[in-house]
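Asker: Submitted below is the structure of interest, expressed as structure tokens.
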């Protein structure tokens, strides 16, 4: 298959955890996605992701882990980090470069805190260590829409809060069809994951992260705030911080130099 792409599952407790893998490099790179995983897991996306991130395939064997398919009520970001640890062990991944985006960054914090031997280098992208007054109403609004089954509303509000006006001009013509593509049968996972975002608080433990760490944030982040990225950098000794001007929560899709920046840090 193209770029050695693979769609896989890890059996965990009485459910499964979807993951994808691609690339043929001798270094492991683990990606942990954000809250959108609550609407659709990584299942079946190995080939498109391998094409999207083809610049990585020479140097890395890339893994992207979803949350478990059935998530218990009250599950936390720390519990989710434990699942990633379990999946990595099952796949024989003893050490990896780790990129966490948004909620994936929250999970990555606990992965580096609780299982430091697994994380060689860490990139925390558009994420936070503890709650602030901006994130609460945004996620609560998404959760209320999820309870009503308003998938289109979630997708549009996410876009409007994530991207620059230039990028949104390209996206808005698609809003009329966006609610008909990818709607999940159930919003249960999304709601539990949303609550996990709202209860995440690793702030007082960030000093335990000792691996080389890069924090990437957007100064115009309307979901978590750019200040949240700065706060993390202040607590992780020796970490580096890069803030994008004029970009927000979707900077990893908008910024043309985002992937080269990731590769440079890991090299």
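Asker: Between segment 227-267 and segment 87-146, how far is it from one alpha carbon centroid to the other, in angstrom?
Answerer: 14 Å
Asker: Show me 250-261, 100-111 ranked by packing, highest mean number of other Cβ atoms within 10 Å first.
Answerer: Numbers: 250-261: 16.1, 100-111: 28.3.
Listed from highest to lowest mean packing, they are 100-111, 250-261.
Asker: If you work out Kirkwood radius over Cα pairs in Å from the coordinates, which of [x] 21.6; [y] 18.5; [z] 19.3 do you get?
Answerer: [y]
Asker: Could you identify which residue out of 52, 171, 80 has the top mean-square fluctuation in a GNM of the chain using Cα springs shorter than 10 Å?
Answerer: 52
Asker: Hey, another quick one. Considering only DSSP beta bridges whose two residues both sit in the chain, what percent are antiparallel, to the nearest 5?
Answerer: On the way: 12 of 36 bridges.
So the antiparallel bridges amount to about 35 percent of the total.
Asker: What does the convex hull of the Cα atoms of segment 99-160 come to per residue, in Å³, rounded to a whole number?
Answerer: Values: hull volume 6.2 nm³, N = 62.
That works out to 100 Å³ per residue.
Asker: Highest GNM mean-square fluctuation, the chain, Cα pairs closer than 10 Å: which of 219, 55, 210?
Answerer: 55
Asker: May I pose another question? Return the single residue from 216, 32, 51 with maximal mean-square fluctuation; model: Gaussian network over the chain, springs between Cα atoms under 10 Å.
Answerer: Largest GNM mean-square fluctuation: 51.
Asker: Could you calculate, for segment 77-195, the ratio of the Cα radius of gyration to the Kirkwood radius, expressed as Rg to Rh? If you can, show how the numbers build up before the last one.
Answerer: Numbers: Rg = 16.8 Å, Rh = 16.3 Å.
That ratio equals 1.03.
Asker: Tell me the label-point distance for the pair residue 253, residue 188, using the 7 Å Cα-to-Cβ offset, in nm and rounded to one decimal.
Answerer: For the pair residue 253/residue 188, the computed spacing is 2.8 nm.
Asker: A follow-up question, please. For n ≥ 4 DSSP H runs only, could you compute -39500 (n - 2.57) per run for the chain, divide by its residues and tell me the 222 nm figure to the nearest 500? List each step's numbers first, then the result.
Answerer: Numbers: 11 runs with 104 residues, N = 267.
The helix-only estimate for the chain comes to -11000 deg cm²/dmol at 222 nm.
We did not get these values from a lab; they are worked out from the coordinates using the rules stated. Here the structure is a predicted model, which means the values were calculated and not measured. Virtual Cβ from ideal backbone geometry, glycine too; neighbours counted across all protein chains shown.
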